[in-house]
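Structure, as structure tokens:
The values are calculated or read from the model by the stated rules, or taken from the named source; none is laboratory data. Worth saying up front: this structure is predicted, and the values here are computed from it rather than measured. Here the Cβ positions follow ideal geometry from the backbone for every residue, glycine too, while neighbour counts run over all protein chains shown.
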Amino acid sequence: MATRIALDAHADEGGRAAAAREVGVLGRGNPQARHDLETLLDSAPWRVRRETIGALAELKDPAAAEALRARYGRTALVPELRAIEAALEKLRGEG
């Protein structure tokens, strides 16, 4: 259910952000959850992307680092850069 809300471009932005956060908590060990979150990195508003970045770190799946690094190279938004840096640190076990 949370994944469906997070991916729904017509849903409320706040609801999508909260849903993305939930996918990060509930989706550990689920490659489909990681894939679904990764798709939000390019298509979602900043508020949703911010929660998605944190959710990818919460999955504790090192494979998420590749998508985060790719997004890092495509953004100039400083808060987004910092969020990605923090997520990558968490994935490396430093956060």
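Per-structure values
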quantity	calculated
Verdict on E51 being surrounded by 13 or more Cβ atoms within 10 Å (Cβ to Cβ) and modelled with pLDDT of 95 or more	yes
Some residue of the stretch 69-83 being hydrophobic (A, V, I, L, M, F, W, C) and within 9 Å of the chain's Cα centre (by Cα)	no
Subset of the stretch 51-68 (residues that are among the charged types (D, E, K, R) and either touching a residue at least 12 places away in the same chain (Cβ under 8 Å) or outside any helix (DSSP H, G or I) (or both))	E51, E58, K60, D61
Conditions (1) outside any loop (DSSP other than H, G, I, E, B); (2) on the phi > 0 side of the Ramachandran plot; number of the one not met by R71	(2)
Failed condition for L88, given (1) in a helix (DSSP H, G or I); (2) modelled with pLDDT under 95	(2)
Near pairs, Cβ below 9 angstrom, 6+ apart or cross-chain, from the stretch 73-95 (over 18 Å from E38 (Cα atoms) and touching a residue at least 60 places away in the same chain (Cβ under 8 Å)) to any residue that is polar (S, T, N, Q) and surrounded by 14 or more Cβ atoms within 10 Å (Cβ to Cβ)	none
